[in-house]
Amino acid sequence: MAYFADGDLVGKVVKVGWLDKSAPFSIGATDSIFLKKLLRLYRHRIRQTRGFHSCQFCRERKLGIPLELDGRVILLGDAEIQVTGEDGRVYSAPGMIFHYIVAHGYKPPEDFILAVCSGTWTSLNDAVAVTALRVTPRERTANLTYSGHSEEAQAQRDARELERFGYAQELLRSMGGFSTFAISFTIISIITGVFTLYDYGLRMGGPLEMTLGWPIVSLGSLLVAMSMGELCSAIPTSGGTYHWSAELGGPTWAWFTAWFNTVGLVTAAAGIDYGCATYLVPILGMGSSRFALLLTYGLILLSHALINHYGIRWVAWLSDLSVTIHILGVVVLVGALVIFAPKQPLSFLLSRETTSPIHAPYLWLFVLGMLQAQWVYTGYDGPAQVSEETVDPRRRAPWGIVMGVAVSAIFGYILVMGLTWAIPGLSSVMNSTDSAGNSLPAVLAIVVSTLGERAGRAVLLLAVAAMWFCGLSTITSGSRVIFALARDKGLPLAALWGKTNHRHRTPAAAIWLVTGLAFAAMVYSGSVAVVTSLSVVGCYLAYSIPIFLGWRKKSQWLSKRGPWNLGRQSNLVNILALAWTIFICFIMIMPPNARTGYSIGAVIVALFALHHFTGPHEMRKPNWIAGESS
């Protein structure tokens, strides 16, 4: 296809949209009404040829771009359109101009736009006057069907919007809505959380803990998720929580938010992958020695780092698969327990019987047992961390955060209640051992005693798979926080940790740093309970800071809210979310988890010292731009 600069006069015809890869062209937003009229103009195309031109800007060089028009699919690239403006000037454009605008952000000259909206169109036969065409409300809101390129077009618009925030599109933007939700759902990982700490919750609060604790914690976590979703829609960048704090509170708030989030995600990855190792070691017949556990744990972390290093598409695909495994696993396991296992009377589900070593009122034991459910709900801000790799992140990332919590609440409760209803006896389950005298996890004891050894092995495999997927997504989320923080000059050696792998377009250095820190955290603590409590406190401190700042300054950013927002209920939801966060953080550091309190206290002191002695932290922050309101 010949190249003409916009405005070139050939004879008496003004050329518009005859683009070439080697020549720059104007980029900008175009009105939806203009696009509708341009689409209708294509019905009167002229000078059709037998062959098709390809788009030079697309990765796939296809001959002819598919477009649905009048209920049938046609191919762009074989014709030309002409329109005469009110001033009598004739404009000529290739049929591909529609593709250039939608897929690549091309902005035609204003004179051409005016001519299309109110001029005279030329058909194959003769001039047909179509002046000031009216576009009905139905046409104005209808979706243009653009076969094969709508996602690419949206990704291009997202990349330009990211540039308006002040950042280049360095990471590969390819994740859809389901994959974004899958990241959140996989990090939450109901199977991981339930299988790992079911013993703890059952020991503290007994069956009533399972019946009431899960829905209470789910509701509190959903309030936090909704508050974060609103902020994510307004600022969809990889910095997530700390970028929100940067805009609403300044660099100091942002710095501490980023570090709390990093601590929470690193310790979450440590707890998840170490838990995976404890389930995998018996399957491999390696024995449960400290060396065997650490070796297996290190290999699991290595597998996660390698997959994250070599591409977000692998992570997205595996996260999608994880959703299927989680839901099918829960349905099959609970279905088998309901159909085949002997069950307790329904009154058992309200029993306060406990085996807790702590002598305290039942209400306090019940509150302490809520750690079992609360640890499940950490890391669900993952969609915000991968928003720069998500198509249409203003809508999809917030929905990913909220739906991750909501779907986990439903299927997690089904799993918890199915297991609790099938408990053969509380003391026997809590004191079960294998043939070698090693303690059995309560979930495994319930399944083996009611469904047999083969079912027990299947549950072990299900637990290992779920934990492996969960750890993979947690490394993904944590590495994006590190990458964004380094990019904004908020880390020592920022130039190193902010590097991306140019071939795979992943934050390689940040991935390996998070992996190394996760391994060190588990070696240091030596306790799953400590790292899990630390992850809850770290994550929820990072969640609460921007929610508090956003609530405090709500009137200042209402006009910049994105299309996903809480409307008039925003302040109420924010206050309830903050109250829940304060409550749950207090519980997480109470005995028998006092070591968590000392650890988080040490972390806070260390962060204050690091912040004080490493100079001013005038980190970059995004240039906040308004999102669409509808």
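The values are calculated or read from the model by the stated rules, or taken from the named source; none is laboratory data. This is a predicted model, so every value here is computed, not measured. Glycine gets a Cβ as well: all are built from the backbone with ideal geometry, and neighbour counts include every protein chain shown. Keep in mind that these areas ignore ligands, DNA and RNA; they rest on the heavy atoms of the full protein, side chains included. Shrake-Rupley method; radii C 1.70, N 1.55, O 1.52, S 1.80 Å.
The set of residues from region 361-379 being buried (at least 24 other Cβ atoms within 10 Å of the Cβ) and either among the small types (G, A, S) or free of Cβ contacts under 8 Å to residues at least 12 places away in the same chain (or both) comprises G369, A373, G379. So S479 fits all but one of (1) modelled with pLDDT of 85 or more; (2) within 30 Å of M175 (Cβ to Cβ); (3) surrounded by fewer than 20 Cβ atoms within 10 Å (Cβ to Cβ); what number is the exception? Here S479 clears every test but (3). Scan region 541-596 for residues that are small (G, A, S), part of a helix (DSSP H, G or I) and at pLDDT 85 or above and the total you get is 7.
Residue-by-condition table, conditions (1) touching a residue at least 40 places away in the same chain (Cβ under 8 Å); (2) closer than 21 Å to P393 by Cβ; (3) open to solvent by 30 Å² or more (accessible area, probe 1.4 Å):
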position: Q169; (1), (2), (3): yes, yes, yes
position: M175; (1), (2), (3): yes, yes, no
position: S179; (1), (2), (3): yes, yes, no
position: G193; (1), (2), (3): yes, no, no
position: M204; (1), (2), (3): yes, no, no
position: P207; (1), (2), (3): yes, no, no
position: S218; (1), (2), (3): yes, no, no
position: L223; (1), (2), (3): yes, no, yes
position: M228; (1), (2), (3): yes, yes, no
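Determine the pairs where a residue that is among the polar types (S, T, N, Q), located within region 553-570, has a partner that is in a helix (DSSP H, G or I) with Cβ atoms under 7 Å apart, the partner being 6 or more residues away or on another chain. Taking only residues 6 or more apart or on different chains, the pairs are N565/E230; N565/S233; S570/E230; S570/K554.
No other residue among T262, T252 is of a type in the set (S, T, Y), open to solvent by less than 20 Å² (accessible area, probe 1.4 Å) and outside any loop (DSSP other than H, G, I, E, B) apart from T262.
Selection over region 361-377 of residues that are hydroxyl-bearing (S, T, Y) and closer than 16 Å to A406 by Cβ gives a count of 1. Which residues, counting only those in region 3-28, are in contact with a Gly (Cβ under 8 Å, 6 or more places away or on another chain), part of a loop (DSSP other than H, G, I, E, B) and surrounded by fewer than 16 Cβ atoms within 10 Å (Cβ to Cβ)? Of everything in region 3-28, just one residue is in contact with a Gly (Cβ under 8 Å, 6 or more places away or on another chain), part of a loop (DSSP other than H, G, I, E, B) and surrounded by fewer than 16 Cβ atoms within 10 Å (Cβ to Cβ), namely G28. Got at least one residue in region 298-316 being over 23 Å from the mean Cα position of the chain (by Cα) and under 22 Å from T196 (Cβ atoms)? So far as region 298-316 goes, yes, one or more of its residues are over 23 Å from the mean Cα position of the chain (by Cα) and under 22 Å from T196 (Cβ atoms).
Condition check ((1) part of a loop (DSSP other than H, G, I, E, B); (2) of a type outside the set (S, T, N, Q); (3) touching an Asp or Glu at 6+ places or on another chain (Cβ under 8 Å)) across all residues:
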| residue | (1), (2), (3) |
| --- | --- |
| G418 | no, yes, no |
| I423 | yes, yes, no |
| S428 | no, no, no |
| G437 | yes, yes, no |
| I446 | no, yes, no |
| R454 | no, yes, no |
| A458 | no, yes, no |
| L461 | no, yes, no |
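When the test is whether a residue is small (G, A, S), open to solvent by 10 Å² or more (accessible area, probe 1.4 Å) and closer than 25 Å to G201 by Cα, S535 does not pass it. Residues of region 447-486 that are in contact (Cβ under 8 Å) with a residue 60 or more places away in the chain and more than 31 Å from the chain's Cα centre (by Cα): V447, T450, L451, A455, R457. Just one of the listed residues (A494, A442, A463, A486) is of a type in the set (A, V, I, L, M), open to solvent by less than 10 Å² (accessible area, probe 1.4 Å) and under 18 Å from F260 (Cα atoms), namely A486. Put simply, of Y377, Y413 the only residue that is of a type outside the set (A, V, I, L, M), modelled with pLDDT of 90 or more and not in a helix (DSSP H, G or I) is Y377. Here I423 does not qualify as surrounded by fewer than 21 Cβ atoms within 10 Å (Cβ to Cβ) and of a type in the set (A, V, I, L, M, F, W, C). Apart from one condition, S233 fits all of (1) within 15 Å of the chain's Cα centre (by Cα); (2) open to solvent by 10 Å² or more (accessible area, probe 1.4 Å); the exception is (2).
Every test in (1) closer than 16 Å to V464 by Cα; (2) at pLDDT below 90; (3) over 22 Å from the mean Cα position of the chain (by Cα) is passed by L295 save one, and that test is (2). Screening R43 against (1) at pLDDT 85 or above; (2) open to solvent by 70 Å² or more (accessible area, probe 1.4 Å) leaves a single unmet condition, (1).
Every condition in (1) out of contact with any Cys (no Cβ under 8 Å at 6 or more places or on another chain); (2) under 26 Å from S479 (Cα atoms); (3) among the hydrophobic types (A, V, I, L, M, F, W, C); (4) open to solvent by 20 Å² or more (accessible area, probe 1.4 Å) is met by L558 except one, and the failing one is (2). Here T515 does not fit the description of being open to solvent by less than 10 Å² (accessible area, probe 1.4 Å) and not in a loop (DSSP other than H, G, I, E, B).
Summed over region 332-360, residues that are open to solvent by 100 Å² or more (accessible area, probe 1.4 Å) and of a type in the set (F, W, Y) total 1. Restricting attention to region 70-97, the residues being among the hydrophobic types (A, V, I, L, M, F, W, C), open to solvent by 10 Å² or more (accessible area, probe 1.4 Å) and either more than 21 Å from G7 (Cα to Cα) or modelled with pLDDT under 75 (or both) number 3.
Among residues that are buried (at least 24 other Cβ atoms within 10 Å of the Cβ), in a helix (DSSP H, G or I), in contact with a Ser or Thr (Cβ under 8 Å, 6 or more places away or on another chain) and of a type in the set (F, W, Y), Y279 is not included. Against the conditions (1) assigned to a helix (DSSP H, G or I); (2) under 23 Å from T532 (Cβ atoms); (3) more than 19 Å from the chain's Cα centre (by Cα), I401 satisfies every one except (3).
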